[in-house]
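The values are calculated or read from the model by the stated rules, or taken from the named source; none is laboratory data. Here the structure is a predicted model, which means the values were calculated and not measured. Glycine gets a Cβ as well: all are built from the backbone with ideal geometry, and neighbour counts include every protein chain shown. Side chains are part of the model used for accessible areas, which takes the heavy atoms of the whole protein and leaves out ligands, DNA and RNA. Shrake-Rupley method; radii C 1.70, N 1.55, O 1.52, S 1.80 Å.
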Amino acid sequence: MENVADLEKLRGEWDELLQASASNSFFLTWEWLYPWWKHLSGDRKLCLVTLRSGGELIAIAPLAARPRRLVGGLAGRSLEFVGADRVCSDYLDLIIRWGKETEAVEALGEYLGREMLTLEMANLRRTSCLAAALAVELEQRGWSPREQTIGVCPFIPLAGHSWESYLATLGPEHRYNFRRRLKNVTNASQLRFEQARSPAEAQAALAGLVALHNMRWQGRGGGSDAFNRSDLIAFHEEVCRFALDRGWLRLFLMTMNGRPVASLYGFLYNRTFYFVQSGFDPAYGKHSVGLLAMGLAIKSALEEGAEEYDMLRGEEPYKFHWARETRDLGRLDLYPPRLSARLDLHTQSMRRAARTVVRRVLPKTMAERIAIARRAGVWASLTQARGRSASENA
């Protein structure tokens, strides 16, 4: 499918299929990816692949094509996931109905084998994704994989916890700090932490989030690209409207004596709370309003029956005050046979050039260090990449 009108028509079927798939995640919903395509797709061309069996939709490969300059200066087009750029779209993947995985992967492999375009699949749940099965299928057809870890997502398992039992899992200093700060602020002011529940409230709360987020970063003397362009803001406005209508939006505003001091933005979907963004007024930093907003959002998620609170990609220290577990995000690039051969020649040429530079320029001790790194697998060869792919999907 290359027509955005076809993407619009898929809404009902899309979300039904997603809920019947192992890859069910908020960032694969139509309500997230359709606004992304509408506002943030840039020069990409929609290449949505759908598979049906007896009229029933059994798989979607949410792909787009864009011009690329590949390794070695080779020019061409590549296929990538819709949503993989500009915003936090973690856990992208193929969407395949339970029990139809083998049939769908074989059909996708045959289709992509005819297209012969490089396939770049980013933001994958590295230890569990349907894209890995497609990688194996394409490798059997002569394609070459390149795999890497691209990020870490801290998360909090909440199943079986009450708010108090969860707090007991935290470090004593952090637990004491949260309780003390909350008590002090509550005693000194009228503290409110409220969720947007109507379209008007959501619109106002999103505007407040943007303002508070930018205030936070301006206070640090830097900048953030989360809301720095009108197309990004338009994207979030539309996502918020869709998510509010579905009951998924969790956009909170914290006020002290009626003044907005902090905000937190996320989604509650399939018993997981996805934390997307936050902001606070640096003038109230001494009250730790950012810390309080995070704690109260986790408490709210628990009270709503969430089984996980996902901090999403990023290893910012504040996340590990609350989360003790992490999962890796991965990227799989797959090169069709003819391109694979050219890339291998280029890689070999680059390695020979690198060895020459090491011998001529670097001290012997440095050369030895590089050799050790090579033997340790820091620079993985194609054979090593294939070995990992096969073992992870055996």
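Conditions tested, residue by residue: (1) modelled with pLDDT under 50; (2) among the polar types (S, T, N, Q); (3) in contact with a Leu (Cβ under 6 Å, 6 or more places away or on another chain).
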{"residue": "K299", "(1), (2), (3)": "no, no, no"}
{"residue": "F320", "(1), (2), (3)": "no, no, no"}
{"residue": "S340", "(1), (2), (3)": "no, yes, no"}
{"residue": "S349", "(1), (2), (3)": "yes, yes, no"}
{"residue": "A371", "(1), (2), (3)": "yes, no, no"}
{"residue": "S381", "(1), (2), (3)": "yes, yes, no"}
{"residue": "A385", "(1), (2), (3)": "yes, no, no"}
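Selection of segment 240-249 for residues being crowded, with 23+ Cβ neighbours inside 10 Å and either part of a strand (DSSP E or B) or of a type in the set (A, V, I, L, M) (or both) yields A243, L249. If you go through segment 279-301 and pick out every residue that is closer than 17 Å to A323 by Cβ and open to solvent by 20 Å² or more (accessible area, probe 1.4 Å), you end up with 5. Entry remark, segment 255-273: residues being within 11 Å of A301 (Cα to Cα), open to solvent by less than 10 Å² (accessible area, probe 1.4 Å) and either in contact with a Gly (Cβ under 7 Å, 6 or more places away or on another chain) or not in a strand (DSSP E or B) (or both) number 1 in total. For segment 1-21, filtering for residues that are in contact with a Lys or Arg (Cβ under 7 Å, 6 or more places away or on another chain) and assigned to a loop (DSSP other than H, G, I, E, B) leaves 2.
Can you tell me which residue is nearest to F235 (Cα to Cα) among those in segment 44-66 that are open to solvent by 10 Å² or more (accessible area, probe 1.4 Å) and touching a strand residue (DSSP E or B) at 6+ places or on another chain (Cβ under 6 Å)? Checking each candidate, the answer is R44.
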